[in-house]
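The values are calculated or read from the model by the stated rules, or taken from the named source; none is laboratory data. Note that the structure is predicted; figures quoted are calculated from it, not measured. A quick note on method: Cβ atoms are made from the backbone with ideal geometry, for glycine too, and the neighbour counts reach across all protein chains shown. Side chains included, ligands, DNA and RNA excluded: accessible areas come from the protein's heavy atoms. Shrake-Rupley method; radii C 1.70, N 1.55, O 1.52, S 1.80 Å.
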Amino acid sequence: MKNRADIAVAGLAVMGENLVLNMESKGFTVAVYNRTNARTEAFAGGRGKGRNILPASTVEELCDSLERPRRIMLMVKAGPPVDELIGKLLPHLEPGDIIIDGGNSFFKDTMRRAAELQKKEILFVGAGVSGGEEGALHGPSLMPGGDIRAWEHIRDIFRAISAKAPDGTPCCDWVGPDGSGHFVKMLHNGIEYSDMQMISEAWELLRRLCRFTPETLAALFENWNRGELESYLIEITSEILRRKDPETGAYVLDLILDSAGQKGTGKWTAECALDLGMPAATIAEAVFARCLSALREERLRAAEILPGPPVPKAQDETAFAESVRQALYAAKICAYAQGFQLLRAASQEFNWNLNYGDIALMWRGGCIIRAKFLDDIKRAFSADGNLANLMLDPFFAGALAKAQESLRKVVAAAAMSGIAVPAFSSALAYYDASRSKRLPANLIQAMRDCFGAHTYERIDRPRGEFFHTDWTGSGNVSATSTNYNR
Ligand code: 6PG
């Protein structure tokens, strides 16, 4: 065994341990550290026993056990724990050493840390890691960004441990500067939320309007997974639908409380969309749907008070199921279009110069949203790197033209049956608003100008010229006449 490690992992929760085992299995010697040393010892004497793993009981020992430049990957909870660990490492590092934050850190924290560490000549990398514990062990999607001088020193390790696309391409590439890697990971999670919400809405519609049994539903999702919707989330949905509880014999899904949790990455994505003025409504609706599901006690009370329509049975279940499949595909295109629109806005806002096709390729394997669909996105951006909206790519525009009627029918059927489909509905609204030559925003401008003299632009004057109408005839000019940009 080498007496110096190629890389260190600090933070030995399951994700960290699995990354260590993945790295070691690819021939790298890995130093390991955990704040609770007992955990380090348990790992080294357990899952790590007999492997090229160098346990360190202190941060100093960890840093001394590394080849130069030192490469240390932090796998600790986002927030203060990252700053605390960086503070402990710094006294034992030299200029040119590399710190990689592999947690779900907020990208603006990563931007701050990158700037702070650059002053100390430490190369900081914020790397999104997607694929959960299984992915960490067998091949995650890795989205590193930050100080590009670090990339040549971590590229071989990262690409060796990453998932591989079906053509063998590593699902890992350099994303861009400062917080861009963590932003891409955050956006991945926002899209993940919308994917999961849309799948749950499709399942709810099929279950209630077609009265399909779990076995029928599982077979249907399995069949969907052989077409345009092929993806990890569709695959596991089919498996989840089939799983029975060994003790009760009931379907596990029927035993799970309908109150969704969330660690915050989807919320961050919606907040960033609002900050950047981007209409990522389906991602936001997926977050709100989790929030509303968590208000379960209120829902139970409201169910006794608020009436709704009877839930009819679909006249032709097979035809309706196909409409739901097409609706899910159309809504998915709209949700991903929103996600990449937000990515583009962030790239411009933060001067990241992101490559959207490469990002789609990083998501082709290993991550939670991995799907054949991402090949089509990669092709769209390879054909036009400046594509303003995914829906305008000829392939996706054609797919939407074919599937939009099904989305309309399904949203209408849900509405008339009293079944909430916020993601499907917002995707349809996004599609229709995006293709509208004129929206009723002129009335909004008129109202804003009427009550607040916020002024408006005119269709018969150059953009940037603002006007006010004395709507009340009182001659008063309202309190504000500031021209707002958004
Ligand atoms: C991934 C996952 C992961 C996320 C979990 C929980 O890419 O491996 O997205 O990063 O933390 O899915 O997220 P929520 O609790 O927010 O659903």
Those residues that are more than 15 Å from ALA136 (Cβ to Cβ) and surrounded by fewer than 16 Cβ atoms within 10 Å (Cβ to Cβ), I need them from segment 1-41; list them, please. MET1, LYS2, ASN3, ARG4, GLY27, ARG35, THR36, ASN37, ALA38, GLU41
How about segment 459-473: which of its residues are open to solvent by 90 Å² or more (accessible area, probe 1.4 Å) and either within 26 Å of ALA429 (Cα to Cα) or not aromatic (Phe, Trp, Tyr) (or both)? ILE459, ARG461, ARG463, THR472
Of MET198, MET186, the only residue that is away from the ligand (no atom under 13 Å from the Cβ) and assigned to a helix (DSSP H, G or I) is MET198
Filter pass, TYR251 being over 19 Å from LYS185 (Cβ atoms) and either aromatic (Phe, Trp, Tyr) or within 16 Å of the ligand (Cβ to nearest atom) (or both): yes
Looking at segment 112-147 only, could you name the residues that are in a helix (DSSP H, G or I) and closer than 30 Å to TYR193 by Cβ? ARG112, ARG113, ALA114, ALA115, GLY132, GLU133, GLU134, GLY135, ALA136, LEU137, HIS138
What single numbered condition from (1) open to solvent by 10 Å² or more (accessible area, probe 1.4 Å); (2) touching a residue at least 60 places away in the same chain (Cβ under 8 Å) fails to hold for ILE157? (1)
Step by step: first the residues of segment 281-308, then only those that are more than 16 Å from the ligand (Cβ to nearest atom) and among the hydrophobic types (A, V, I, L, M, F, W, C), then the one that is nearest to TYR193 (Cα to Cα). Which residue is that? ALA281
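For (1) surrounded by fewer than 17 Cβ atoms within 10 Å (Cβ to Cβ); (2) in contact with a strand residue (DSSP E or B) (Cβ under 8 Å, 6 or more places away or on another chain); (3) not in a helix (DSSP H, G or I), each residue gets a yes or a no:
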| residue | (1), (2), (3) |
| --- | --- |
| LEU217 | no, no, no |
| GLU222 | yes, no, no |
| ARG226 | yes, no, yes |
| THR237 | no, no, no |
| LEU241 | no, yes, no |
| THR248 | yes, no, yes |
| ASP254 | yes, no, no |
From the option list ALA433, ALA346, ALA414, ALA380, single residue qualifying as open to solvent by 10 Å² or more (accessible area, probe 1.4 Å) and more than 16 Å from the ligand (Cβ to nearest atom) is ALA433
Of the residues in segment 59-96, those that are open to solvent by 60 Å² or more (accessible area, probe 1.4 Å), part of a loop (DSSP other than H, G, I, E, B) and farther than 21 Å from SER25 by Cβ come to ARG68, LYS77, GLU94, PRO95
Might you let me know whether segment 108-123 holds any residue that is open to solvent by less than 20 Å² (accessible area, probe 1.4 Å) and closer than 16 Å to HIS188 by Cα? no
Only one of these is in contact with a Pro (Cβ under 6 Å, 6 or more places away or on another chain) and open to solvent by less than 10 Å² (accessible area, probe 1.4 Å): SER141, SER105, SER162. Name it. SER162
When segment 201-226 is checked residue by residue, the ones that are free of Cβ contacts under 8 Å to residues at least 12 places away in the same chain and under 23 Å from VAL411 (Cα atoms) are ARG207, THR213, THR216, ASN223
